[in-house]
Amino acid sequence: MPWLKLLHITAIVLWCGSLLYLPAAIAVAAGPQPAKVVDPDQRGRLRMLFTQVATPAALVAIASGTAIFLLYGPVAQWLIAKLAVVGLLVLGHGMCGMLILRAERASQPHPPRFTRTFCTLVGMGSVLWVGLIAWLVLGKPF
C-alpha cells in the first residue's frame, strides 16, 4: 500500500507540474519573438514534454488512484468532489494538447492574441484545480 501511494503522489507531482508549466511555455512559443530568441526545437520540446511526461504521468496517477480507491477507499462526499475536479484537470490536459497542436500548425509567425489569452486561462484554471484538489484531499471538508 505505501508504494502505491508513493507512485500516485509522484505521478500527481509530475502531471500537475507539467500542467502548470505547459500553458506558459506554449504562450511563449506562440508569442511574437525577436529573430535572435526563436528556438526551432522549442515546439518539439513542448510536444515531448506533453507526450512523454505529462500524459504518462496522468495515466499513472489516474490508474494508481483508482487502484487505491478500489483496494482501500470508502466512498465519501469529498472523494466524489475530488473526482469531479480531477475531471476538470483532465479537460485542462486535453486543452494543453490542443494548444500545442495549434502552436505547431501556426502558419504565421505571430499567432493571434487570443491564443496567448487562452493559454493564460488554462494555466490559471490548472492552478485553481490543483489547489482545490489539494484542499479536498488534505482537509476532507465533508
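The values are calculated or read from the model by the stated rules, or taken from the named source; none is laboratory data. Bear in mind the structure is a predicted one, so any value in this text is a computation, not a measurement. Glycine gets a Cβ as well: all are built from the backbone with ideal geometry, and neighbour counts include every protein chain shown.
Residues are listed down the side, and each one gets a yes or a no for (1) basic (Lys, Arg); (2) modelled with pLDDT under 85; (3) over 22 Å from residue 135 (Cβ atoms):
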residue	(1), (2), (3)
36	yes, yes, yes
42	no, yes, yes
46	no, no, yes
59	no, no, yes
message: Checking the structure you have, find out if any residue of the range 98-105 is without any contact (Cβ under 8 Å) to a residue 40 or more places away in the chain, outside any helix (DSSP H, G or I) and either in contact with a Ser or Thr (Cβ under 6 Å, 6 or more places away or on another chain) or among the basic types (Lys, Arg) (or both).
response: yes
task: Kindly indicate whether any position in the range 6-27 is small (Gly, Ala, Ser), at pLDDT 75 or above and either over 17 Å from residue 93 (Cα atoms) or over 13 Å from the mean Cα position of the chain (by Cα) (or both).
output: yes
query: Has the range 67-81 got any residue that is modelled with pLDDT of 85 or more and surrounded by 18 or more Cβ atoms within 10 Å (Cβ to Cβ)?
result: no
- prompt: Going by the structure shown, is residue 64 among the hydroxyl-bearing types (Ser, Thr, Tyr), touching a residue at least 40 places away in the same chain (Cβ under 8 Å), part of a helix (DSSP H, G or I) and in contact with a Gly (Cβ under 8 Å, 6 or more places away or on another chain)?
  reply: no
field: When residues of the range 67-97 are limited to those that are β-branched (Val, Ile, Thr) and in a helix (DSSP H, G or I), the one farthest from residue 141 (Cα to Cα)
entry: 90
